[in-house]
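**Q** Below you'll find the structure I mean.
The values are calculated or read from the model by the stated rules, or taken from the named source; none is laboratory data. Treat the numbers as computed from the prediction; the structure is a model and nothing was measured. Positions of Cβ are backbone-derived with ideal geometry, glycine not excepted, and every protein chain shown enters the neighbour counts. Quick note on the areas: whole protein, heavy atoms, side chains included, nothing else; ligands and nucleic acids left out. Shrake-Rupley method; radii C 1.70, N 1.55, O 1.52, S 1.80 Å.
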Amino acid sequence: MITIKTPQEVELMRKANIIVRDTLNLIQDKIKAGMTTKELDKIAYDYITKCNAVPSFLGYSGFPASICTSINEQVVHGIPSDKVIIKEGDIVSVDCGSIYKGYNGDAARTFMIGKVDEKVQQLVKVTEQSFFEGVKILKEGVRLGDLGHAIQSYAESFGYGVVRALVGHGIGRDMHEDPEVPNYGREGHGLRLRKNMTIAIEPMINMGTHEVYMLDDGWTIVTEDNLPSAHYENTVVITEDGVEILSL
Ligand code: MG
Ligand code: MG
């Protein structure tokens, strides 16, 4: 079911998303080579709970941590571990969610550790920009196919693969609500967005093929060709003349 939020609900989502944004900013300040992804998870758990919010990922379908940490060829849903040490030259996608007074925030960033290969730097920048290429055209009445097309055509113009197997989503009382928000699509097709709908837009862009598969841990999604992948996500609310990005 697609829900249209009241101004009061949007205000609670603003708070939940600011907590997520600040958690990611804190991780950006601290992340460096030699740390484990488990240490990043503790930073997130401690900060979110200090804000009187709930880390929404923890226990979600049994997920064992407060953030997802996905390194290099890992696309999303990597599990933080004290055995995974971040290295110089890695890219680390961190996805984070919080629930504040019953409402969800959800955002992700891909961090570059030290000196990263120039081609990989470009992948990270294009992934982030593809989100903004989508946001540029958004406003009340725009169709989901137009949003997906804007993201896809930008990313594919660099020869990258746009992940199809996972998509963005509506968000509110639940982290994952209708509608699905694909990062690919056909212009003029799909649902029309309405004012005060809240959606999480999250391009997952691969340097090579768009094909992905799941590791035996039952969570981590990796690229089929083992080439790197980047992820960038924000929660937005649709307005009459554009969007408000709640997690930025
Ligand atoms: Mg997310
Ligand atoms: Mg999401």
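**Q** Output the qualifying pairs, or none if there are none: Cβ atoms under 8 angstrom, residues six or more apart or on different chains, first residue in region 101-126 and more than 16 Å from ligand 1 (Cβ to nearest atom), second residue among the basic types (Lys, Arg).
**A** Correct list of pairs: Lys101/Lys15; Gly102/Arg173; Ile113/Lys32; Ile113/Lys87; Gly114/Lys32.
**Q** Determine whether Asn183 is under 22 Å from Gln122 (Cα atoms) and within 16 Å of ligand 1 (Cβ to nearest atom).
**A** yes
**Q** Pick from region 118-150 the residues that are within 19 Å of Thr209 (Cα to Cα) and basic (Lys, Arg): which of them is surrounded by the most Cβ atoms within 10 Å (Cβ to Cβ)?
**A** Restricting to residues being within 19 Å of Thr209 (Cα to Cα) and basic (Lys, Arg), the top hit is Lys125.
**Q** Can you tell me how many residues within region 212-236 are under 15 Å from the mean Cα position of the chain (by Cα) and either of a type outside the set (S, T, N, Q) or over 26 Å from Lys136 (Cα atoms) (or both)?
**A** Taking region 212-236 and keeping what is under 15 Å from the mean Cα position of the chain (by Cα), we get 220-221, 229-236.
This time we only want the ones that are either of a type outside the set (S, T, N, Q) or over 26 Å from Lys136 (Cα atoms) (or both), so: 220-221, 230-233, 236.
Of the residues in that region, 7 qualify.
**Q** Only one of Asp178, Asp225 is open to solvent by 40 Å² or more (accessible area, probe 1.4 Å), of a type in the set (D, E, K, R), in contact (Cβ under 8 Å) with a residue 12 or more places away in the chain and not in a loop (DSSP other than H, G, I, E, B); which?
**A** Asp178 is the lone residue from the list that is open to solvent by 40 Å² or more (accessible area, probe 1.4 Å), of a type in the set (D, E, K, R), in contact (Cβ under 8 Å) with a residue 12 or more places away in the chain and not in a loop (DSSP other than H, G, I, E, B).
**Q** Examine region 151-170 for a residue that is within 16 Å of ligand 1 (Cβ to nearest atom), in contact (Cβ under 8 Å) with a residue 12 or more places away in the chain and surrounded by fewer than 15 Cβ atoms within 10 Å (Cβ to Cβ), and state whether such a residue exists.
**A** Yes; the residues of region 151-170 include at least one that is within 16 Å of ligand 1 (Cβ to nearest atom), in contact (Cβ under 8 Å) with a residue 12 or more places away in the chain and surrounded by fewer than 15 Cβ atoms within 10 Å (Cβ to Cβ).
**Q** Let me ask something additional. When you scan region 34-128 for strands (runs of 3 or more DSSP E) that lie fully inside it, which ones turn up with 2 or more residues that are farther than 30 Å from Glu9 by Cβ and more than 16 Å from ligand 2 (Cβ to nearest atom)?
**A** Values: elements: 67-71, 74-76, 91-100, 103-112.
Hits in region 34-128: 91-100, 103-112.
**Q** Let me ask another. Restricting to region 5-37, name every residue that is within 17 Å of the chain's Cα centre (by Cα), open to solvent by 20 Å² or more (accessible area, probe 1.4 Å) and over 30 Å from Leu193 (Cα atoms).
**A** Leu26, Gln28
**Q** If you go through region 42-71, how many residues are within 10 Å of Thr23 (Cα to Cα) and of a type in the set (D, E, K, R)?
**A** Result for region 42-71: 1.
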